Amino acid sequence: MASAREEILQRIRDARVPAAEPVVRGYRDTGPGGVELFAERVADYRAVVHVVTDVPEALDRLRGKRIVVPPDVPAEWLVDGVEWLHEPLTIEELDRSDGVLTGCAVAIADTGTIVLDGGVAQGRRALTLLPDHHLCVVRADQIAASVPEALHRLEPTRPLTFISGPSATSDIELNRVEGVHGPRTLEVLVIT
Amino acid sequence: MARNPVTWLGSPTFPKAAHKALADTQLRQNLRKATGTIRGRRAAAVAEMTDWEQLRVAGEQIKNDVLARLDTLLVQLEESVTARGGVVHWARDAEEANRIVLDLCREEQATEVVKVKSMATAEIGLNEALEAGGVHAVETDLAELIVQLGDDRPSHILVPAIHRNRSEIREIFQRRMGVEVSDEPADLAEAARVHLREKFLTTKVAISGANFAVADTGSIVVLESEGNGRMCLTLPDTLITVMGIEKLVPSWQDLEVFLQLLPRSSTAERMNPYTSVWTGVTPGDGPQRFHLVLIDNGRTATLRDSVGRQALRCIRCSACLNVCPVYERTGGQSYGSVYPGPIGAILTPQLVGDMRDPQAASLPYASSLCGACFEVCPVRIDIPSVLTHLRAEAVEAKGRTAESVAMAAAAWMFKEASRYEKAQRAGALARFLARDGRITSLPWPGSRWTSSRDAPAPPSESFRAWWRRNRG
């Protein structure tokens, strides 16, 4: 008897689907972009947005809190008065923290999205998932105008997380409600 | 061959189920409210996009290309996933897929697994199969959880508990979680968070579906809202993803089309809160064992039908359900399948693959052919055309029936003018059954018409007779 793999592939060939017409990409591949549009779109998801010129001054509010940071966090972000939690951290330690501070790989102005890829200042995926408060630093030059532009800048084989606002659900009467399993507060610091 | 669990065992035909559902005023009220809300929001989200039509055309073309090159692309996907440390399994049908997943759970010695909402696993009845094998599957999507805790069946592709309003959800949560909770959606969401937190942190095996798989990179994509997906895709040691063979896109660039089409079509958002992309195994981040189970379960049979195969372009957004006047009134459970609504009416019977099955054969009739579903479909599936095509197949499969005998008799009668006139004179006798020009109840076989609608009384004299009398 043929293996499931062989049989499925043979059934597909037997279906004799004719070749398709070439794909016409007539849609926009860019957009107006910019910090202002990005900030506006992030805020639409009921995330907190600050447009600032300097990270440390924006971190004042974290005083007295226990905040997770990725291993390669820039030293100037580690302001005094905050209990910084460094890796290695257990699932329980992440769960009991007050928040997490990271950078990002790319952001998307059109949709108000930030994308993490586990690269510089981001850490592994669990870091931005278990703490209830995620602060994400976005540099102006990281903001792509559109979804196509953002995908072009990303390396698909890295573990990617696209984040658009705080955790939410539309499962009760199809209305969006914020705050389910992921971080219930998303705070984005845009550095210009 | 075992029956395809895509339809629920013992489900009545659509007209019978719809008849019952229509009498449920609470259900109709819940659905009117929910679908009304989402229709308005979707229209606004789409209106923002000046290039929506171009995106739809590209979405259609990319998916057509996938169907045309499916064998090559699947082999390519297998190679790229394997190269990145994943293991690929193939399953001809539901039974085979369920056995593969159960064996994998047993290898991990798991008695409990967490699940991300997935249509593919609902279609194959995975939870029931796992339960029978001693593995309990915990649904973590809020709506799936509501269905699971309520011992209910899903009624919508995206929001399986759409038929429940907030106070019904509250009642289910209080009964099954043993907690006091208000009917505020935010409180209900909080209750689900608390209920599942411990499971996420301790369960070693997760099962997911996939929205897309990128053939040339081996990347798998899951879109979600709550973060339950991220929990399942990140925290456990082992991840098992079950995916229909048609869920492919050829290249990473193709995702730029679908990441724009899907969120706006399904939840009417510019972007859903979370999208996860992973490729095989990443050392030090996420599950260190990854299995991808590719399922056929009726898809290759659907692929053979040149008209019907376009149903395989579906990206499960559920926009067609939300605009369908039939769905809004009958609800999803009347379709007797995990795939309800217009897409279900064309996908379910094709996956079942047997038009002699009266329940499956009744589904293509669950439509007024108004065409709203095609208008909103992000991959331009011409659902009305497939519906009429499948109706023809249903008629053919039926063979000689009362209806076909009546049609043959009608053909004989229309052939000769004299026979036709005699029939008209005989028909005029039915006037004696009419009240106010309507006939509300005819004897059999006419009763099959008048059980659901009135028939107009025939005129006392036919046009031909009148013409002969006045002008002849």
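Which of the GluC sites (Glu not before Pro) found in segment B:152-232 are loop residues per DSSP with 15 or fewer other Cβ atoms within 10 Å of their Cβ?
B:GLU180
A drop of at least 40 square angstrom in accessible area, chain alone versus all protein chains together, probe 1.4 Å. Which residues of segment B:192-238 meet that?
When all protein chains are present, B:ARG193, B:ARG197, B:LEU201, B:GLU226, B:ARG230, B:MET231, B:THR234, B:LEU235 each give up 40 Å² or more of accessible surface.
Can you quote the Å³ per residue value for the convex hull of the Cα atoms in the protein assembly as shown, rounded to an integer?
Given the Cα convex hull of the protein assembly as shown, per-residue volume reads 183 Å³.
Tell me: how much accessible area in total is hidden between B and A, 1.4 Å probe, Å², nearest 100?
Buried surface at the B/A interface: approximately 7300 Å².
Quick check on chain A: helices-only [θ] at 222 nm, where DSSP H runs of length 4 and up contribute -39,500 (n - 2.57) each and the sum goes over total residues. Nearest 500, please.
Taking each H run of at least 4 residues, the total per residue is -5000 deg cm²/dmol.
Are there cysteines in chain B with no second cysteine's Cβ under 4.7 Å away, and if so, which?
By the Cβ distance rule, which asks for a partner under 4.7 Å, the isolated cysteines are B:CYS105, B:CYS232, B:CYS314, B:CYS317, B:CYS324, B:CYS370, B:CYS377.
Per residue, how much accessible surface does segment B:14-64 expose to a 1.4 Å probe? Answer in Å², no decimals.
50
Nearest 5 percent is fine: what portion of the DSSP beta bridges confined to segment A:32-191 is antiparallel?
About 30 percent, rounded to the nearest 5.
Between B:GLN29 and B:ALA43, what is 0.36 nm times their sequence separation minus the Cα-Cα distance? Round to one decimal in nm.
Extending this stretch completely gives an extra 2.9 nm.
Which listed residue (B:LEU255, B:MET271, B:GLY227) has the Cα farthest towards the positive end of the charge dipole for segment B:190-281, taking +1 on Lys and Arg C-beta and -1 on Asp and Glu C-beta about the Cα centre?
Working it through, the farthest residue towards the positive pole turns out to be B:GLY227.
For chain B, give the magnitude of the charge dipole about the Cα centre (Cβ charges: +1 Lys/Arg, -1 Asp/Glu; no others), in debye to the nearest 20.
2760
May I ask you to find the residues of segment B:276-296 that are shielded by at least 10 Å² of accessible area once the whole protein assembly is considered instead of their isolated chain (probe 1.4 Å)?
Residues passing the criterion (a loss of at least 10 Å², heavy atoms only) are B:SER276, B:VAL277, B:TRP278, B:THR279, B:THR282, B:GLY284, B:ASP285, B:ASP296.
How much of the accessible area of segment B:30-81, probe 1.4 Å, is carbon plus sulfur, in whole percent?
52
Please compute the Cα-Cα pair-distance distribution of chain A with 10 Å bins starting at 0, giving whole percents from short to long.
In whole percents, the pair-distance histogram is 8, 30, 30, 14, 11, 5, 1.
What residue among A:ALA145, A:ALA107, A:ALA168 shows peak mean-square fluctuation when chain A is described by a Gaussian network model with Cα springs under 10 Å?
Among A:ALA145, A:ALA107, A:ALA168, the largest GNM mean-square fluctuation belongs to A:ALA168.
Against the longest alpha carbon principal axis of chain B, how many degrees, from 0 to 90 and to the nearest 10, is the axis of helix B:255-266 turned?
60
Under the classification rounded if a/c is under 1.5, otherwise prolate if a/b is larger than b/c and oblate if not, where does segment B:396-447 fall, given a ≥ b ≥ c as square roots of the Cα gyration tensor eigenvalues?
oblate
Roughly how many Å² of B:ILE220 are accessible to a 1.4 Å probe, to the nearest 10?
0
State, as an integer percentage, the relative contact order of chain B based on alpha-carbon contacts under 8 Å between residues 6 or more apart.
For chain B, the relative contact order is 20 percent.
For segment A:32-191, report the accessible area per residue in Å² (1.4 Å probe, heavy atoms, rounded to an integer).
With the other protein chains kept in place, segment A:32-191 gives 35 Å² per residue.
Just from its helices, what would the mean residue ellipticity at 222 nm be for chain B, if runs of 4 or more DSSP H residues each count -39500 (n - 2.57) and the sum is divided by every residue, rounded to the nearest 500 deg cm²/dmol?
Rounded to the nearest 500, it is -15000 deg cm²/dmol.
In whole percent, and with a 1.4 Å probe on the protein chains, what portion of the accessible area of segment B:416-471 is carbon and sulfur?
54
Per residue, how many Å² of accessible area does segment B:416-471 show with a 1.4 Å probe?
Value for segment B:416-471: 82 Å² per residue.
Counting only DSSP beta bridges with both residues in the protein assembly as shown, what percent are antiparallel, rounded to the nearest 5?
35
Counting alpha carbon pairs within less than 8 Å and at least 6 residues apart, what relative contact order, in whole percent, applies to segment A:55-192?
Worked out over segment A:55-192, it gives 24 percent.
Return the carbon/sulfur percentage of the accessible area of segment A:32-191, one whole number, probe 1.4 Å, all protein chains in place.
Result for segment A:32-191: 49 percent of the exposed heavy-atom area is carbon or sulfur.
How many times 2.2 N^0.38 Å is the alpha carbon radius of gyration of chain B?
1.12
The values are calculated or read from the model by the stated rules, or taken from the named source; none is laboratory data. Quick caveat: nothing in here was measured; it's all calculated off a predicted structure. FYI the Cβ positions are ideal-geometry reconstructions off the backbone, even for glycines, and counts take in every protein chain you see. Remember, those area values only see protein heavy atoms, side chains included, never the ligands or the DNA or RNA. Shrake-Rupley method; radii C 1.70, N 1.55, O 1.52, S 1.80 Å.
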